[in-house]
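Report on the structure given below.
The values are calculated or read from the model by the stated rules, or taken from the named source; none is laboratory data. Just so you know, these numbers come straight off a predicted model, no measurement behind them. For neighbour counting, all protein chains shown are included, and Cβ atoms are generated from backbone atoms with ideal geometry for every residue, glycine included.
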């Protein structure tokens, strides 16, 4: 009975703050307590069951402060004893969710959780932002093969970002990856590869980064002019894989005419993809 009453209270908080924003400040006093319950409640299996899902929904609308005016040491999302605690816990929930549910289930169940993680990142101080980026963006170890082919959380999210089974979630994932890249298209392509970034960039009418345009028209025979780099490591801007980890091409080099035809074909394919999405 107590848990049922608690769930109904969480629903009430969400509905009031969603439909009557003037009451958000009054309910924001409960953020600290809701976060504490979220941490201390045993995570069910699969994870996004009640009351976890209702806790996340209730928290969604309660962080409306102006980021320029907030004081991090007084902000419950980033407690002084461990500013990264809430970001880490919610990302762990996301990791368990993408491994526990089918894609069709994730499209609805994981959308509020992803929105909450994006909100935490938006409000976070610089150190917490860097920690979230480290947890969610592909690592250097994953670049030994094309991005999205591993079993890590970032690989699973990248695959979901292009899955037709998750129309709601895929755009949110791409938007989150773009935000984690400082909302910079060049950095975004470097982080996730143009193959995963193209749909979002074209859907948002953003210019294609020069590194990706160049990679379309040139075969990746060496490390000059058609790759981007992270430090001293050259990265294929299309796949996100390290150049030195790619399989060696044993085919004869393409002629200039063949390169132009292939570049034109790719442009047409990307334009069609952008229209569909």
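Here are the numbers:
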item: Which listed residue is under 26 Å from residue 83 (Cα atoms), assigned by TED's automatic domain parsing to the domain that holds residue 272 and either surrounded by 19 or more Cβ atoms within 10 Å (Cβ to Cβ) or modelled with pLDDT under 90 (or both), from 177, 206; result: 177
item: Among residues of the range 112-167, those that are more than 20 Å from residue 198 (Cβ to Cβ) and touching a residue at least 24 places away in the same chain (Cβ under 8 Å), counted; result: 23
item: Of all residues making up the range 181-191, the number that are within 10 Å of the chain's Cα centre (by Cα) and buried (at least 23 other Cβ atoms within 10 Å of the Cβ); result: 0
item: Any chance residue 118 is in contact with a helix residue (DSSP H, G or I) (Cβ under 8 Å, 6 or more places away or on another chain), under 24 Å from residue 54 (Cβ atoms) and in the same structural domain as residue 76 (by TED's automatic domain parsing); result: yes
item: Filtered residue count, the range 52-74, keeping only those that are modelled with pLDDT of 95 or more and part of a loop (DSSP other than H, G, I, E, B); result: 0
item: Residue 29 vs. criteria surrounded by 12 or more Cβ atoms within 10 Å (Cβ to Cβ) and either without any contact (Cβ under 8 Å) to a residue 40 or more places away in the chain or under 18 Å from residue 112 (Cα atoms) (or both); result: no
item: Those residues of the range 115-147 which are farther than 15 Å from residue 94 by Cα, under 13 Å from the mean Cα position of the chain (by Cα) and in a loop (DSSP other than H, G, I, E, B), in sequence order; result: 138
